[in-house]
Each structure stands twice: as structure tokens, then as C-alpha cells.
Amino acid sequence: MNKIIGITGLMGSGKTYISHEFEKLGAVLYNSDKAAKRVQETNENLKRVLIDKFGSKYYIDGKVNSEFVRNLIFSGTEKSYDNLYWITEVVSVFVKIDFVEFCKQHKDAPYILAESAILFESRFNQLCHKTINVKSTNAMNVAISRDNINQDDWHIRMKTQIPEEDKEFDYIIENDYTNNVINKVKEIHNSIING
């Protein structure tokens, strides 16, 4: 059975950068956020469920209508939180099925690193043997610059997540984009391999 390590962090914390550093050391990376988009666009059963709930505008030419979905889940209203919860619950079912298949295809990997922005919110952490949290004091500024959002948008998105203090992590990486981070990744990698 694969050893599964979950990695998460706030928007802009650098979890994808950190994940690729683990990948360089031999971890096999599964990006559940990308998988969520892929299954929404390729699984006909899921597409039908989403269209039944939100209408045909959920898709444009078979692709997720990102702007429409953003307005559904990040408007800061009670309804948007309900929409986000509903979408997370439904899509997570299909992502987990996809993930099980992925693990079967990589059964000889030293371990699988499951990257997810909503590791705990989707209960993906329940599939993990260990969890890693990536932290950065500059997360908000990075997210605002990268994703073309403002501070209000960032705070609305943070409100949709379980507070970090309510989550339990096995490892924490303070991401300052220096060699200290690379050394910490190597230290955690060795702990996972030998643990």
C-alpha cells in the first residue's frame, strides 16, 4: 500500500513550489486541485449533476466556466458558502475515486504527495498517513499579485477554509524561498522514507 502524504497551505503560501521540491527527491505528485477541474470536465456523471444543480452556464464548450463558478462560491454571501460546501462535497467524491486509481498506477512509488488547497475541508486528509502545512508570511501579497485579486477577495476565500489552528499537521514548512526551505524538505523527505 502506498504511503500517502498530504500537503496544503493558504493561497500564495508556495505549496506547489514546495511540492515540486519533494518531487525532485522522488515523491510522486498528485495535484488534487487540478484533478478536481479535470474530473469536472471529463466525468459525464459529475457534469450532469453540476448542470442539474447550477445550470448549463457552469460550462463553456465543455470546460468549467471559471468566472461563473467563482461568482457562485466566492461572493461572500451565505449562499456562496453553501454552494462551495456543496461543490466540494460532490466533486471530492469523484476526485477520491480518481486518486485511488492514481495510487494503483504508482504502487511502486516511495510515497505519494497529495497536494490540495482544501485538504481538510474535503476530508482528503483522512486518506493521508502524514500531513504537511506550508506557511508564508507573504502569502496574501503573492496571491493578490499572482491571481489578480484584491485583499477583500483573499479574505473571503480564507473564510471558506477551516482555520489553520483547528488543523493538526505532522510537519510545518515556513516558506521563505531560501535554502532553509530546501533543507527542511530534505529533512521531511528522509523522515517519511525512513519512518
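The values are calculated or read from the model by the stated rules, or taken from the named source; none is laboratory data. If you're wondering where the values come from, they're calculated on a predicted model, not measured in any experiment. Every residue, glycine as well, gets a Cβ built from its backbone with ideal geometry; the counts of neighbours run over all protein chains shown.
You will find that of ILE144, ILE172, the residue that is surrounded by fewer than 18 Cβ atoms within 10 Å (Cβ to Cβ), modelled with pLDDT under 90 and of a type in the set (A, V, I, L, M, F, W, C) is ILE144 and no other. In segment 83-103, the count of residues that are of a type in the set (Ser, Thr, Tyr) and farther than 18 Å from ALA36 by Cβ is zero. Only helices (runs of 4 or more DSSP H) whose full extent lies in segment 14-71 are considered here, and the ones with at least 2 residues that are touching a residue at least 12 places away in the same chain (Cβ under 8 Å) and of a type in the set (A, V, I, L, M) are 32-42, 44-54. Any residue at all in segment 108-125 that's more than 30 Å from VAL181 (Cα to Cα), touching a helix residue (DSSP H, G or I) at 6+ places or on another chain (Cβ under 9 Å), small (Gly, Ala, Ser) and surrounded by 13 or more Cβ atoms within 10 Å (Cβ to Cβ)? Checked segment 108-125: no residue is more than 30 Å from VAL181 (Cα to Cα), touching a helix residue (DSSP H, G or I) at 6+ places or on another chain (Cβ under 9 Å), small (Gly, Ala, Ser) and surrounded by 13 or more Cβ atoms within 10 Å (Cβ to Cβ).
In segment 47-66, how many are under 19 Å from the mean Cα position of the chain (by Cα) and not polar (S, T, N, Q)? Number of matching residues: 1. Among the residues examined, GLY55 qualifies as on the phi > 0 side of the Ramachandran plot and either surrounded by fewer than 17 Cβ atoms within 10 Å (Cβ to Cβ) or touching a Cys at 6+ places or on another chain (Cβ under 6 Å) (or both).
Does segment 177-192 contain any residue that is surrounded by 13 or more Cβ atoms within 10 Å (Cβ to Cβ), of a type in the set (Ser, Thr, Tyr) and modelled with pLDDT of 90 or more? No: zero hits.
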